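Data first, discussion second: the structure below is written as structure tokens.
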Amino acid sequence: MSYASAVSIRREVARSARPQEHISVSEAAMRHLRLHTDSGGSEPWNPDLTPYMVEPMDRLIDRRYEAVIFIGPARTGKTGALLGFLAYIITCDPSDAMVLHMSQDKAGKFSKKTSAACTARARPSAPS
């Protein structure tokens, strides 16, 4: 049987008590979101591929706005913006979130295919 050391407990408590990062949604996506590629690898989210999505992403946490609406054609980065916002919620401002879809079938496909095809990296743990 092994017990945690006082040092490891102190480090874990100090890490969990750190203030949240005050960064934009697009910055959080650049730091923490990795999207899977068609070749099976993954790459960091790159704002240069969809520069027009940076402002809508950053407005998602701007308290001056009640809602953000972006309408665009297929394959223009809208889902990447949503995944970037989810990465922000996971890594920078942990809180409850809800993603709504038009139907339960669409929600299941998003959950299984789209959100599973990305990785949001949490803050790295402190070395022991």
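Couple of notes before you dig in:
- For residue 47, the conditions (1) over 18 Å from residue 92 (Cα atoms); (2) in contact with a helix residue (DSSP H, G or I) (Cβ under 7 Å, 6 or more places away or on another chain); (3) touching a residue at least 40 places away in the same chain (Cβ under 8 Å) are fulfilled apart from (3).
- Residue match in segment 35-44 (condition: of a type in the set (Ser, Thr, Tyr), part of a loop (DSSP other than H, G, I, E, B), touching an Asp or Glu at 6+ places or on another chain (Cβ under 9 Å) and surrounded by 13 or more Cβ atoms within 10 Å (Cβ to Cβ)): no
- Candidate set from segment 98-128 (those that are aliphatic (A, V, I, L, M) and in a helix (DSSP H, G or I)); member that is modelled with the highest pLDDT: 107
- Within segment 75-105, considering residues that are open to solvent by less than 80 Å² (accessible area, probe 1.4 Å) and without any contact (Cβ under 8 Å) to a residue 12 or more places away in the chain, the one farthest from residue 33 (Cα to Cα): 103
The values are calculated or read from the model by the stated rules, or taken from the named source; none is laboratory data. Note that the coordinates shown come from a computational prediction; the quantities given were computed from them, not determined experimentally. All Cβ positions, even for glycine, are placed from backbone atoms using ideal geometry, and neighbour counts span all protein chains on display. Surface accessibility is based on the protein's heavy atoms, side chains included, excluding ligands, DNA and RNA. Shrake-Rupley method; radii C 1.70, N 1.55, O 1.52, S 1.80 Å.
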